[in-house]
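Working notes, structure below.
The values are calculated or read from the model by the stated rules, or taken from the named source; none is laboratory data. Note that this is a predicted model, so its numbers are computed, not measured. Positions of Cβ are generated from backbone atoms using ideal geometry, with glycine treated the same way; all protein chains shown enter the neighbour counts.
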Amino acid sequence: MDLEKIIFLKYGELSTKKDNRNFFLKVLNNNIKKVLKDAEISYDYGRMFIKVNDDDLANVINKLKNIFGIYEIVIGYSSKKRNEEDICHSLKELLENKEFTTFKVEVKRSDKSFPKDSMTLRKDLGAFILKNLPNKKVDVNNPELIVNVEIRQKEVLIYFDKIKGLGGYPVSCAGKGMLMLSGGIDSPVAGYMAIKRGVKIEAIYFESPPHTSEAALDKVKALAKKLALYNNDIKLHIINFTKIQEAIYQNIPKEYLITIMRRMMYRISGIVASRVNAKIIVNGESIGQVASQTLTSIQVINEIVKIPVIRPVACFDKLEIIDIAKKIGTYDISILPYEDCCTIFVPEHPIINPTRQKCEEYEKLIPYEDMIFETVKNKKTIIITVDDKDDYKDLL
């Protein structure tokens, strides 16, 4: 049997890109090479092929499941012999060791010069299976096994098993974004969803020692490490927010504490984003979830930055966000009881309809421009990868 076992990938949404498809495929190819290191990869407009040893198969599949831009992962067989007789012999050998009773055949014929059209070949291959494999039946509606045969220009592909990929766009094809990463449930989910659309994420975290602990920072590092599974790695910018937060607490009317704090965070995030050439700010704000996320609050807080702010979970309810957090493995980390900047000094009755005039009036009470300059100047940046062995691994 002239068959080679191979993994190949289906593109899904990338297939709609027409003239830009080659750009997306190059990015996807590079992203896979970063993860699989020495893998032998080739691709065309229809499929991407990866040659692997059987011993590495499970490990490679698990890594491919975390790469955006892949619609389906297929374990199949390739043959250079494209005549019908050889296809039938290959099917017989492959199917003899499979346990199934009902089946159907699907044929895709991208090489239109092949003598038979897809429908005729499908019927003939089905008839061959019925004749040569006893006790098998055709069931076109609910088969136990789908026999897929693709007739390509230089080869035939045969496969039975498909694994759903993440879909979306390859990471970095859309440019860079700055994720405002807190220790909560929402912001990691927002980051994940931005990555899915091809945005390469860097993250910014606001700490406020001694009001926030080292454990809170470790929690955010652990969340960043989870996102690094999809992002290849993550630069985490750590902002010491203590002086600004204390100045706000000591000088600003209590009901405006959160609004002014968020405006300061947006200013800092905008500066850091521009310095690393991030095109957008990404955060986990969900409409109406807390006082700073009413439409009026969002408008007043958002107006101090020129860079677009993307809120991927803005229209999700909490249960929907939690479902995604559990799926991507961030939920159990997010609910650890370590407070971040957004949960300390919270007033009993924060304003839900702030005004620009009041914000500007209150901000004059503190020298925030000088403090922001000093804070950005002294920021720390670390790179978190999937293979990191830092202390926060215990949180994963």
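Which condition number in (1) in contact (Cβ under 8 Å) with a residue 60 or more places away in the chain; (2) surrounded by fewer than 20 Cβ atoms within 10 Å (Cβ to Cβ); (3) within 15 Å of Cys341 (Cα to Cα) is the one that Ser269 fails?
Every listed condition holds for Ser269 apart from (2).
Condition check: at pLDDT 95 or above, assigned by TED's automatic domain parsing to the domain that holds Tyr256, more than 30 Å from Asn62 (Cα to Cα) and hydroxyl-bearing (Ser, Thr, Tyr). Does Thr381 satisfy that?
On the way: at pLDDT 95 or above: yes; assigned by TED's automatic domain parsing to the domain that holds Tyr256: yes; more than 30 Å from Asn62 (Cα to Cα): no; hydroxyl-bearing (Ser, Thr, Tyr): yes.
So Thr381 does not fit the description; no.
Test of understanding: among Ala215, Ala247, Ala222, which residue is on the phi < 0 side of the Ramachandran plot, part of a helix (DSSP H, G or I) and buried (at least 23 other Cβ atoms within 10 Å of the Cβ)? Before the answer, list the steps.
Working: Ala215 fails: buried (at least 23 other Cβ atoms within 10 Å of the Cβ); Ala247 fails: buried (at least 23 other Cβ atoms within 10 Å of the Cβ).
Every option except Ala222 fails the conditions.
Any residue in the range 126-150 that is among the acidic types (Asp, Glu) sitting within a Cβ distance under 9 Å of a residue that is part of a loop (DSSP other than H, G, I, E, B)? List the pairs, counting only those 6 or more apart or interchain.
Asp139/Thr101; Glu144/Glu99; Glu144/Phe100; Glu144/Thr101; Glu150/Gly46; Glu150/Arg47; Glu150/Ser110
Which one is surrounded by the fewest Cβ atoms within 10 Å (Cβ to Cβ), of the residues in the range 190-204 that are out of contact with any Phe, Trp or Tyr (no Cβ under 8 Å at 6 or more places or on another chain) and touching a residue at least 60 places away in the same chain (Cβ under 8 Å)? Show your work before the answer.
Taking the range 190-204 first, the residues out of contact with any Phe, Trp or Tyr (no Cβ under 8 Å at 6 or more places or on another chain) are 190-191, 193-194, 199-204.
This time we only want the ones that are touching a residue at least 60 places away in the same chain (Cβ under 8 Å), so: 190-191, 193-194, 199, 201-202, 204.
On the way: Ala190: 27, Gly191: 31, Met193: 21, Ala194: 25, Val199: 28, Ile201: 27, Glu202: 25, Ile204: 26.
Step by step, filter the range 190-204, then rank; the result is Met193.
Return the residues of the range 205-216 that are over 21 Å from Ile307 (Cβ atoms) and touching a residue at least 60 places away in the same chain (Cβ under 8 Å); say none if nothing qualifies.
Keep residues of the range 205-216 that are over 21 Å from Ile307 (Cβ atoms), which gives 207-216.
Those that are over 21 Å from Ile307 (Cβ atoms) and touching a residue at least 60 places away in the same chain (Cβ under 8 Å): Glu207, Ser208, His211, Thr212, Ser213, Ala215, Ala216.
Please work out which one of (1) farther than 30 Å from Ala58 by Cα; (2) surrounded by fewer than 19 Cβ atoms within 10 Å (Cβ to Cβ); (3) of a type in the set (D, E, K, R); (4) modelled with pLDDT of 95 or more is the condition Asp186 fails and give its number.
(2) is the only condition that Asp186 fails.
So in the range 245-276, with the set limited to residues that are among the β-branched types (Val, Ile, Thr) and more than 11 Å from Val376 (Cβ to Cβ), which one is farthest from the chain's Cα centre (by Cα)? Break it down into steps so the answer makes sense when it comes.
Quick first cut of the range 245-276, residues among the β-branched types (Val, Ile, Thr) only: 248, 252, 258-260, 268, 271-272, 276.
Now narrow it down to the ones that are more than 11 Å from Val376 (Cβ to Cβ): 248, 252, 258-260, 276.
Values: Ile248: 36, Ile252: 39, Ile258: 30, Thr259: 30, Ile260: 31, Val276: 21 Å.
Among them, the one singled out is Ile252.
Yes/no per residue for (1) over 22 Å from Tyr256 (Cβ atoms); (2) touching a helix residue (DSSP H, G or I) at 6+ places or on another chain (Cβ under 6 Å); (3) surrounded by 13 or more Cβ atoms within 10 Å (Cβ to Cβ); (4) of a type outside the set (A, V, I, L, M, F, W, C):
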position	(1), (2), (3), (4)
Ile310	yes, no, yes, no
Cys315	yes, no, no, no
Leu319	yes, no, no, no
Tyr362	no, yes, yes, yes
Lys380	yes, no, no, yes
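Identify, from the list Lys26, Lys98, Lys34, the residue that is charged (D, E, K, R), surrounded by fewer than 17 Cβ atoms within 10 Å (Cβ to Cβ) and assigned to a loop (DSSP other than H, G, I, E, B). Break it down into steps so the answer makes sense when it comes.
On the way: Lys26 fails: assigned to a loop (DSSP other than H, G, I, E, B); Lys34 fails: assigned to a loop (DSSP other than H, G, I, E, B).
Only one candidate passes the filter, namely Lys98.
Return a yes/no flag: does the range 134-145 have any residue that is of a type in the set (A, V, I, L, M) and crowded, with 17+ Cβ neighbours inside 10 Å. Outline the logic, then answer.
Taking the range 134-145 as the starting set, the residues that turn out to be of a type in the set (A, V, I, L, M) are 138, 140, 145.
If we keep only those that are crowded, with 17+ Cβ neighbours inside 10 Å as well, we get 145.
Yes - at least one qualifying residue is present in the range 134-145.
In the list Ile351, Ile366, Ile281, Ile304, which residue meets the criterion of being closer than 19 Å to Val220 by Cβ and among the hydrophobic types (A, V, I, L, M, F, W, C)? Talk me through it step by step, then tell me what you get.
Values: Ile351 fails: closer than 19 Å to Val220 by Cβ; Ile366 fails: closer than 19 Å to Val220 by Cβ; Ile304 fails: closer than 19 Å to Val220 by Cβ.
Every option except Ile281 fails the conditions.
Scan (1) at pLDDT below 90; (2) of a type outside the set (D, E, K, R); (3) surrounded by fewer than 16 Cβ atoms within 10 Å (Cβ to Cβ) for the single condition Val52 breaks and write down its number.
(3)
Taking the range 59-95 on its own, how many of its residues are more than 26 Å from the chain's Cα centre (by Cα) and in a helix (DSSP H, G or I)?
Here the count works out to 12.
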